[in-house]
Structure formats: C-alpha cells, structure tokens
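The values are calculated or read from the model by the stated rules, or taken from the named source; none is laboratory data. All values derive from a computational prediction rather than experimental measurement. Cβ sites come from the backbone with ideal geometry, for glycine too, and all protein chains shown count toward neighbours.
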Amino acid sequence: MFLKSKLLRTVLENTNPLYKIGYKALDIVAPDNPTKNRPKGPDLTFGMGAGLINSLRDKVKPKVGSVVYCGLAFNQVEHSGIYVGYNKIIHLDGSGKIEAVTPKQFLNRLDGTNLALHIYVPCKGTTPIGLKRCAERARAKLGEKLKYNLFFNNCHKFSSYCLTGDINSDTTFFKLEETTHSKLGTDNWRIWDLPD
C-alpha cells in the first residue's frame, strides 16, 4: 500500500493541479514535507484536493469510542458521531433522535442525497484512537429525543458531550476537532477502511 501511495502521490504532485492547489494556495505543505510552512497544532489536511490527498493515506478501522465524521452538502459542513463497535455509530440526527446507524447509513444523510464517500477517524500517527467512556456515554443516550438546533444543540455537541462528559460542550466541528485532539492526543484524521 505504501509503495502504491508514494508512487500515486508523486504522479499527482506532478500532474494534478488540484493536488497543488489544495496545499499551495493555502500556504500549507503536504503531510510528507513536515518542515516547510507547517501549521501549528494537529496535521490538518484540507483544501480543494483534501479528499484526494486523504485517500492516499493508509486507511484505518476505528476503535470503540472514536469520534467519527463525514462531510455533508459537498463537504461544506461536517456530521459527527461516536463509533461504539459492532459496525455501529451513535449520532444525533437532524430530527433530534439519538440513534445507532451503520457506516453506510451515516454516510447517506439528507435522505440519501449526501455525496460523502468517506468517514474519518482520529489517529495518533497511523493508530486510531478511541475512549471507551465516550462509547459508554453514547450508548447511555441511545433512543433519547432532544430538541435539535442546527447551531446550539447539534451532532457536534452530542459527540463532544460523549467525549468530555460536559453537557455544555462544543457546537461546531472546528471546536469538536480541537477537543478531540486535546482529549485523545490525536494529530490527524484518516479514512475508515470500510468494506466495499
């Protein structure tokens, strides 16, 4: 896998403008060059070519208690939940219901109109990280119905609560991501290795 990824990355660097735009337009350097223009904090891969770049990295399987997320609305916003094992993710859906779903159901949000291809897992290096207490909190809330609010009581607040135990927690993905990195010691997100 590494050899193929390295070869494909080299080809993309030299031929694919999206690869270059994704990093150079944002004054960021690709993950394989950690010395130049490295942003402070976790290794965040984003930009126009991020999906392609992330797909070149080694894929992982989440640990019980991993915070997971996928893109929604052409990756303009994110949807998060907690992996609880047995191929299930517990999340707060848009109706306010806390439910357990399969990865396929998690990706097919918005009545199947979401075009997300990947679910991302927090990692330290190439090792996925989860917190069993996070999964326990998610399971304890399973089946509850909350008053959903896109800005104040959403999936990120639920995921952050599961991670921290703080009911007055993060309501944006950006803050949830910071909390995930600080609480779990993670430094990057990798694609969940889902069977086809």
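Descriptive notes on the structure:
- Filtered residue count, the range 141-159, keeping only those that are closer than 15 Å to residue 83 by Cβ and either surrounded by fewer than 21 Cβ atoms within 10 Å (Cβ to Cβ) or of a type in the set (S, T, N, Q) (or both): 3
- Count of residues meeting criterion [touching a Ser or Thr at 6+ places or on another chain (Cβ under 6 Å) and under 17 Å from residue 130 (Cα atoms)] in the range 164-179: 2
- Number of the exception - residue 169 against (1) surrounded by fewer than 22 Cβ atoms within 10 Å (Cβ to Cβ); (2) in a helix (DSSP H, G or I): (2)
- The single condition among (1) exposed (fewer than 15 other Cβ atoms within 10 Å of the Cβ); (2) modelled with pLDDT under 80; (3) not small (Gly, Ala, Ser) that residue 127 does not meet is (2).
- Matching entry among 193, 170 (being touching a Leu at 6+ places or on another chain (Cβ under 6 Å), over 9 Å from residue 67 (Cβ atoms) and of a type outside the set (S, T, N, Q)): 170
- Residues (surrounded by fewer than 18 Cβ atoms within 10 Å (Cβ to Cβ) and either under 15 Å from the mean Cα position of the chain (by Cα) or among the aromatic types (Phe, Trp, Tyr) (or both)) located in the range 130-140: none
- Which numbered condition residue 148 misses (of (1) under 22 Å from residue 99 (Cβ atoms); (2) in contact with a helix residue (DSSP H, G or I) (Cβ under 8 Å, 6 or more places away or on another chain); (3) among the hydroxyl-bearing types (Ser, Thr, Tyr)): (2)
- Whether a residue is in the same structural domain as residue 102 (by TED's automatic domain parsing), touching a helix residue (DSSP H, G or I) at 6+ places or on another chain (Cβ under 9 Å) and in a helix (DSSP H, G or I) was assessed, and residue 179 passes this test.
- Top-ranked residue of the range 70-118 - restricted to ones that are crowded, with 19+ Cβ neighbours inside 10 Å, charged (D, E, K, R) and touching a Leu at 6+ places or on another chain (Cβ under 9 Å), ranked as farthest from residue 152 (Cα to Cα): 109
- Listed by first and then second residue, the pairs with beta-carbon distance under 8 Å, at least 6 apart or on different chains, first residue in the range 175-196 and touching a residue at least 40 places away in the same chain (Cβ under 8 Å) and within 17 Å of residue 163 (Cβ to Cβ), second part of a helix (DSSP H, G or I) and of a type in the set (Gly, Ala, Ser), are 176/159; 176/160.
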